[in-house]
Amino acid sequence: MDASTSGTPTIQYHNIPEQPIATIVATFQRLQRHCFGDSSPGEFPLSANPSIVLHVLTACNLDPHDLARLEASILQPAHFAPDHGLSLSELAALDMCQKRAIFKPMTEVERINLKERCGGSWKLVLRFLLAGEACSRREKSQAIAGPGHSIAVTSNGAVFSFGSNSSGQLGHGTTEEEWRPRQIRSLLGIRIIQAAAGAGRTMLISDAGRVYALGKDSFGEAEYGAQGSKLVTTPQLVESLKDIFVVQAAIGNFFTAVLSREGRVYTFSWGNDSRLGHQTEPNDLEPHPLMGALADVQVVQIAAGYCYLLALACHPSGMSVYSVGCGLGGKLGHGVRTDEKYPRLIEQFQTLNLQPVVVAAGAWHAAVVGKDGRVCTWGWGRYGCLGHGNEDCESVPKVVEALSEVKAVHVATGDYTTFVVSEKGDVYSFGCGESSSLGHNTGGADGQGNRHTNVLSPEIVTSLKQVKERVVQISLTNSIYWNAHTFALTESGKLYAFGAGDKGQLGVELAANQTERGNPERVDVDLN
């Protein structure tokens, strides 16, 4: 290929060290791409046609990420049959898709359907898979601070539960409280990759896409509805979801939402006169897909708050957030406080030039982390939970300016409480200080200090600095009827808890007449 006569624009190369031609050719001869070839099936030696490198750089629309993936894939055997119709960048992307846990068990037809839903590109499929893994900690350890009870999932898929158990939501076959983490023995042999906790209810997702539920069989808080005529004290397979490969569940008030492997969102049991994206009866247990604006959009994460749902979606042009449900306090992010019966795109992120990568739905407010590390909050600002230095409501996402020098990677929201984790592993919190759930214990000769004080702007959680290890996840209670507790998970799998512990939900034994812990304490469970 002669670049000077082919019409190909001149390429400017920068910072490329000079090497003898013999060295470069020798390198090419050593690298073999196991894709296709005529002489030796499975071999594709680059040295046979070095000009292919120029073709890749000029004709395959590669960005820096593509080049990195291409380099990695050239050095490794491929995981797919030959396909002469794919560019090298598409081959590299398909090769990497093959290594993802969710992609591996898919049939060829399912893979092609997913590719079409993602815009007809394996690069877009790969981005969809990686985005889902990153924001929901799929295939990694996690801890869930539910309303009165707690769930911990190890990296190997074992599940431990502790705390309130009045509805059998701990899954041990009883309704007795447990303060010490106890493994759910009936799940031995089943690898759990994700968990969700609601009032008196727990849902667990296996690596095979199956959903197990335990606790009360009705949705809604006890103050607003029946406790349920049936208590499920050991994990039971949800039959209505058996034909959907589920990768995430989110329990809101009066409804549950699940996310399928293909990026579709299903909801059921809304529980009152409002409908969440479809027309069903309040006690309808059958899952129904959220259509409308989400009909042809791939969702990578869902988050449920008090009577509303957020969906983080992956478009060919970038990431976006949709909301549906109750708009009280402006928590849907559309600039108004009206309800939305069908999913609606939050347009403010385009105005802010922010690409959302993580979304969190608190009871009355919401938060997002952008690709550039900025944090946005919106909704009801009571107690300072939005972090803007006041208690004002915000009906559209607003950047938390106090965190402008912090590159965030994770955010968690609860009932008027927000936590942010930085790239360095530092943790910031703000909002309601009730139950010592913010982790601020500075000042005071008695050690109490300002542990119950509301915080209007982000403050670093100094008590977690004593852990001397990078925090990767924060989970806190997201319910208006339960005192909050908080979990901090470190990169080595250590779990620390603080806040309310009156039902044993901290996983640590409290002294007589003690109902909470202001300082993080190590929970006796290894999540790695």
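How big, on average over all directions, is the shadow cast by the Cα convex hull of the range 317-391, in nm²? Please list the in-between numbers first.
Working: hull surface 20.0 nm².
Average projection, Cα convex hull of the range 317-391: 5.0 nm².
Over the range 289-413, with every protein chain in place, what whole percent of the accessible area is carbon and sulfur at 1.4 Å, could you tell me? All intermediate terms of the calculation are to be shown ahead of the outcome.
Values: 2130 of 4480 Å².
Of all accessible area on the range 289-413, carbon and sulfur atoms account for 48 percent.
For a quick check: with amide H placed at 1.01 Å from N, whose amide H comes under 5 Å from Gln301's, ignoring anything fewer than 5 positions away on the same chain?
Leu312
Defining a contact as two alpha carbons under 8 Å apart and six or more residues distant in sequence, what relative contact order in percent does the range 291-364 show? Intermediate results must be reported in sequence, preceding the final value.
Details: 150 pairs, mean separation 24.0, N = 74.
Normalised by residue count, the contact order of the range 291-364 is 32 percent.
What's the ranking of 95-102, 481-488 by average number of surrounding C-beta atoms within 10 Å, highest first? Show your work: numbers first, answer last.
On the way: 95-102: 18.5, 481-488: 25.2.
For the peptides 95-102, 481-488, the packing ranking is 481-488, 95-102.
When the convex hull of the Cα atoms of the range 362-407 is projected onto a plane and the area is averaged over all directions, what value comes out in nm²? Walk me through the intermediate numbers first.
Working: hull surface 11.9 nm².
That works out to 3.0 nm², a quarter of the Cα hull's surface.
List, in order, the whole-Hz ³J(HN,Hα) value for each residue of the range 292-305 obtained from phi through the Karplus relation with A = 6.51, B = -1.76, C = 1.60 and θ = phi - 60°; use x for Gly and Pro.
Per-residue couplings from phi come out as x, 5, 9, 4, 10, 10, 8, 9, 10, 7, 10, 9, 10, x Hz.
Which FRET efficiency, nearest 0.05, do Asn113 and Leu237 yield, Cβ-Cβ r, R0 30 Å?
0.75
Counting only protein chains, not ligands or nucleic acids, how are Tyr496, Tyr383, Tyr308 ordered by accessible area (probe 1.4 Å), most first?
Tyr383, Tyr496, Tyr308
So what J values fall out for the range 356-365 if you push phi through Karplus, 6.51 cos²θ - 1.76 cosθ + 1.60 with θ = phi - 60°, rounded to Hz, Gly and Pro as x?
Per-residue couplings from phi come out as x, 10, 9, 10, 9, 10, x, 4, 10, 9 Hz.
Give the shape of the range 410-528 as rounded, prolate or oblate, defined through the alpha-carbon gyration tensor: a ≥ b ≥ c are the square roots of its eigenvalues, a/c under 1.5 means rounded, and otherwise the shape is prolate if a/b is larger than b/c and oblate if not. Provide the component values of the computation, followed by the final result.
Details: a/c = 1.30, a/b = 1.08, b/c = 1.20.
The shape class here is rounded.
If packing is taken as the average number of other Cβ atoms within 10 Å across a peptide's residues, how do 368-377, 146-155 rank, most packed first? Could the numbers behind the result be given before it?
Values: 368-377: 22.0, 146-155: 25.9.
Put in order of decreasing packing, that is 146-155, 368-377.
Is the range 111-219 best put as rounded, prolate or oblate by its Cα gyration tensor, with a ≥ b ≥ c the root eigenvalues, rounded for a/c under 1.5, and otherwise prolate when a/b is larger than b/c, oblate when not?
Details: a/c = 2.64, a/b = 2.36, b/c = 1.12.
Because a/c hits 1.5 or more and a/b exceeds b/c, the range 111-219 counts as prolate.
So what's the range 290-418 giving for Cα Rg divided by 2.2 N^0.38 Å, two decimals?
Values: Rg = 13.2 Å, N = 129, 2.2 N^0.38 = 13.9 Å.
For the range 290-418, the normalised Cα radius of gyration is 0.95.
Among the listed pairs Lys140/Lys494; Lys104/Lys494; Lys140/Lys230; Lys371/Lys398; Lys371/Lys468, which have their C-alpha atoms separated by more than 23 angstrom in this model?
Too far apart for the 23 Å limit: Lys104/Lys494; Lys140/Lys230; Lys371/Lys468.
Taking the highest mean first, how do the peptides 408-421, 239-252 order by number of other beta carbon atoms within 10 angstrom per residue? Kindly include the intermediate steps, with their values, before the conclusion.
Values: 408-421: 26.4, 239-252: 20.1.
By packing density, highest mean first, the sequence is 408-421, 239-252.
Between Asp339 and residues 5 or more places away or on another chain, which pairs have amide H atoms under 5 Å apart, with H built 1.01 Å from N, and which residues are they?
Gly327
The values are calculated or read from the model by the stated rules, or taken from the named source; none is laboratory data. Computed from a predicted structure; not experimentally measured. Backbone-built Cβ (ideal geometry, glycine too); neighbour counts: all protein chains shown. In case anyone asks, the SASA skips ligands and DNA or RNA and just uses the protein heavy atoms, side chains included. Shrake-Rupley method; radii C 1.70, N 1.55, O 1.52, S 1.80 Å.
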